[in-house]
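Undergrad: Please find one structure pasted underneath; my questions will follow.
The values are calculated or read from the model by the stated rules, or taken from the named source; none is laboratory data. Bear in mind the structure is a predicted one, so any value in this text is a computation, not a measurement. In this analysis, Cβ positions are derived from the backbone assuming ideal geometry, glycine residues included, and neighbour counts consider all displayed protein chains.
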Amino acid sequence: MGKLAFKKMRVIKCKVCGVEQSSIFSGLTGSHLQILEREKTVHQYPADQIIFYEGDEPQALYWVCAGRVKLYKKGEKGEELILRLLGPGEIMGYRALLAGELYAATAQAVEDTAICSISKPILLDLLRRSPELALRLLTKMAKELRYSEELALSLAQKTVRQRTAHLLLLLLEGNKQETISKRPLKVSVGHKDMAHMIGTSPESFSRALHHLSLQGILHTTRNGIYVQNFSALKKFVNKNNST
């Protein structure tokens, strides 16, 4: 477990709270929104800095204001096993916070990232005051359960190529507004990490990416994977393909 080193941002206006539809706080108005704005803190994390560690005791709810965060666990051999990639509006650490448990994963900034947070007492107070916020949080928890179920089902029933395509969809799930854009969508997670996430070798994962590239669905560079055709990627997941 490590000691957190926060760096307060000098000037930033969070566009997530009360506005961004992907945020659980988007329905807050009036006095409830005022409480959130008054009590939240905003910090910036340079790329690779840890936000919280697996095994730490949770003290606050965190959500991404800008940038990208990865959640990962340590494997038996000390390797990183990435669980999720989070973007603006996504919350983290809430299950451990509400259950009174230790964090089950480590959160790390993938790029320069701004994070908002509120303490547990303030969160519980807002949940009591706002049934809509409580419902949004329950909806978020249900969606994350679906994510876990879909990934487990993908590992059990789909080919390596399908699992690769499905994982890319899951990682891009936080970029819903960008999927209607004509510019390619970037996935910044490393090939080795993604191979571990779908239970295959880096070599098999690379071959699957090459196949998707030949289909015109994506292209790869040293900086990441760029999905060029999001609709085709979705269709590919349900196709019958050989590994």
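Undergrad: Of all the residues that make up segment 136-177, how many are farther than 24 Å from Gly89 by Cβ and at pLDDT below 75?
TA: Going through segment 136-177 one residue at a time, the tally reaches 6.
Undergrad: Sticking with this one: Exactly one condition in (1) at pLDDT 85 or above; (2) within 16 Å of Ala99 (Cβ to Cβ) is not met by Asp125; state its number.
TA: Exception for Asp125: condition (2).
Undergrad: Looking only at segment 5-41, which residues are touching a Ser or Thr at 6+ places or on another chain (Cβ under 9 Å), surrounded by 17 or more Cβ atoms within 10 Å (Cβ to Cβ) and modelled with pLDDT of 55 or more?
TA: Passing the criteria: Cys17, Ile24, Leu28, His32, Lys40.
Undergrad: Looking only at residues that are farther than 15 Å from Gln162 by Cα and aliphatic (A, V, I, L, M) in segment 178-226, which one is modelled with the lowest pLDDT?
TA: Ile180
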